[in-house]
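Every number in this text was worked out from the coordinates using simple rules, so none of it is lab data. Bear in mind that the values here come from a model prediction, so they are computed numbers and not experimental data. Cβ placement follows ideal geometry from the backbone for every residue including glycine, while neighbour counts extend to all protein chains displayed.
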Amino acid sequence: MAEPKIKYDRQLRIWGEQGQAALEKASICLLNCGPTGSETLKNLVLGGIGSITVIDGSKVVLGDLGNNFMLDESCVGESKAKSVCAFLQELNDAVKAKFIEEYPEALIKTNPSFFSQFTLVVATQLVEDSMVKLDKICREANVMLIFARSYGLTGLVRISVKEHTVIESKPDHFLDDLRLNNPWPELRKFAETIDINVQDPVAHKHTPYVVILLKVAEEWAKSHQGSLPSTREEKREFKELLKSKTIAFDEDNYKEAVEASFKVFSSRGISQDLQQIIDDSQAEVSSNSSNYWVMVAALKDFIASEGGGEAPLEGSIPDMTSSTEHYVILQKIYQAKAEADFLSIEQRVRNILKKLGREPESISKATIKSFCRNARKLKVCRYRLIEDEFSNPSITELQKYLTDEDYSVAVGFYILLRAADRFAANYNCFPGEFEGPLDEDISRLKTTAVGVLSDLGCNGSTVTEDLINEMCRFGAAELHAVAAFIGGIASQEVIKLITKQFVPMSGTFIFNGIDHKSQLLSL
């Protein structure tokens with residue numbers, strides 16, 4: 001075990017041993033191993049994914065050497081799946097790699113049950129018809145699916161999963177769970193033991209800001225009918241009251257108290273996002289409910305009863321200017337409260353599992369503890385069927401994107417990618433794919449794009465001539481730089497889905513290589 005820890009040291013710092021273990025158990029299927037697919041898998045193989053299966057029926061041609069770093073001259077004429085698989089295996093011999101020399105479209109049509117063996121399918125460079133079929137297959141088999149496509153200087157990534165639940169969402173910025181606006185008895189009791197008006201300068205400058213804020217908030221409430229500051233003027237007055245307590249200019253603890261004073265003003269209770277989760281119909285659990293929803297049901301009961309409208313305490317406190325003695329005591333008070341909340345929720349989880357006829361110990365202590373620690377940051381992601389998006393997008397959103405200068409290019413590429421697939425179905429080639437004048441293809445693509453928009457309910461809307469010309473000029477080429485970028489985004493989302501950490505993106509990700517912009521379309 002020491003060797004993998006060294007090998008994956010940097011990523012273990014991001015998603016931990018649990019996340020790495022999930023990756024090492026995962027089985028990934030890649031459809032089409034052109035540059036987009038190869039770059040996606042390269043990132044996952046280097047990260048230590050469990051096993052990969054590469055599906056591609058084509059042979060390596062000379063042109064492939066110009067945009068796929070997983071191939072060399074010796075591969076020309078060989079199976080592309082076999083050649084790419086061999087190169088990927090060289091990157092990490094701990095990964096099990098195999099290939100199947102078959103066209104993905106044929107596999108989707110003739111052997112849909114094939115995909116049920118995988119944790120996740122990465123489908124690259126598929127046209128619309130195959131995307132729709134594969135999406136239905138993966139939904140039925142409960143297999144996660146990511147579409148990735150690069151096309152000239154544009155590309156897309158789209159996740160398709162019925163439901164994805166996240167415990168460790170790891171937001172970039174999140175308010176510390178200090179409960180300064182709603183302290184529990186033990187925290188109040190500790191604050192009462194400290195005199196913030198003490199004249200000893202050493203003691204005064206080493207009083208933790210948590211205590212300062214609790215004491216000053218109590219003082220404020222006594223003179224304001226028990227209420228805390230709410231208006232801008234009251235908040236300013238509260239900060240002035242804090243500053244008035246200082247006895248020296250170099251008291252960092254009071255500066256910290258002023259900076260953290262907003263934590264006293266924050267509203268009590270749980271966030272709107274968490275409220276939506278506990279009110280979700282899935283929180284009414286049955287014997288088929290996932291562990292996540294069983295724990296949400298326990299959380300809902302806890303918040304409604306002894307939680308007093310609050311989620312379980314996280315139990316950690318930030319660094320602050322303080323005497324060691326006070327900081328350690330404070331740390332223990334927060335940890336004890338977090339442990340008590342955890343034990344209460346654990347008991348509820350065990351009781352719910354028993355009522356459902358499941359093994360009461362089937363959810364581990366570590367999982368419940370992690371759930372409690374992250375209860376305020378829970379996320380649930382649900383994705384529309386590709387077919388629903390394609391046939392019945394949100395007209396309001398689509399029209400908004402088409403008329404918004406910031407989004408017009410991204411949605412233009414989205415429409416043109418769909419138009420290019422329709423073009424290929426009608427003319428047996430993509431616009432601009434073969435050498436020769438582009439005028440006829442430009443005219444055909446424009447007509448096709450107008451048809452796509454009309455079918456979506458956007459009559460009279462069109463895509464700019466410049467974009468149509470560019471799309472034809474791309475000639476359906478996979479440029480390595482764009483493929484590497486799209487592959488990087490796709491592999492990042494794969495890791496989020498498998499580790500169940502961080503929040504996967506919602507909507508369709510569009511890369512605009514002309515303006516160097518990336519945008520999400522929610523349709």
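For this structure, a couple of remarks:
- Efficiency of FRET between Thr396 and Ser518 - r from beta-carbon atoms, R0 25 angstrom, step 0.05: 0.65
- Modelled this way, with points 7 Å down the Cα-to-C-beta line, the labels at Asp455 and Arg236 are 6.0 nm from one another.
- Shape call, the range 434-512: gyration tensor on alpha carbons, a/c limit 1.5: oblate
- Rounded tilt (10° steps) of 9-25 against the dominant C-alpha axis of the chain: 60
- Nearest 10 degrees, 0 to 90: helix 324-355 Cα axis against the chain principal axis: 60
- Between Asn288 and Ile329, the modelled label-to-label distance comes to 5.5 nm, taking each label 7 Å out from Cα in the direction of the beta carbon.
- The distance between label points at Lys354 and Asp250 comes to 6.0 nm (points 7 Å beyond Cα on the Cα→Cβ vector).
- Here the chain carries DSSP beta bridges of which approximately 50% are antiparallel, counting only pairs with both residues inside.
- Residue among Leu417, Gln199, Thr464 farthest towards the positive dipole end of the chain, charges placed on Cβ: Gln199
- Of (1) 0.99; (2) 1.12; (3) 1.06, the label for Rg/Rh (Cα atoms, Kirkwood Rh) derived from the coordinates: (3)
- Between Arg10 and Arg268, the contour length at 0.36 nm per residue exceeds the alpha carbon distance by 89.1 nm.
- Cut-off 18 Å, label 7 Å out along Cα→Cβ of Asn182, residues of the range 327-358 by amide N: 334-335, 337-345
- When +1 charges are put on Lys and Arg Cβ atoms and -1 charges on Asp and Glu Cβ atoms, the dipole computed for the chain relative to its Cα centre reaches about 1580 debye.
- For the chain, the longest principal axis of the C-alpha atoms and the axis of helix 128-141 are separated by about 50°.
- Between Gln347 and Ser51, the FRET efficiency estimated from the beta carbon spacing at R0 = 41 angstrom works out to 0.60.
- Added length on full extension, which subtracts the Cα-Cα distance from 0.36 nm per residue, Lys98 to Ile194: 27.9 nm
- Length released on extending from Asp319 to Ala221, taking residue separation times 0.36 nm less the Cα-Cα span: 32.6 nm
- Estimated FRET transfer efficiency (Thr462, Ala21; beta-carbon r; R0 41 Å; 0.05): 0.20
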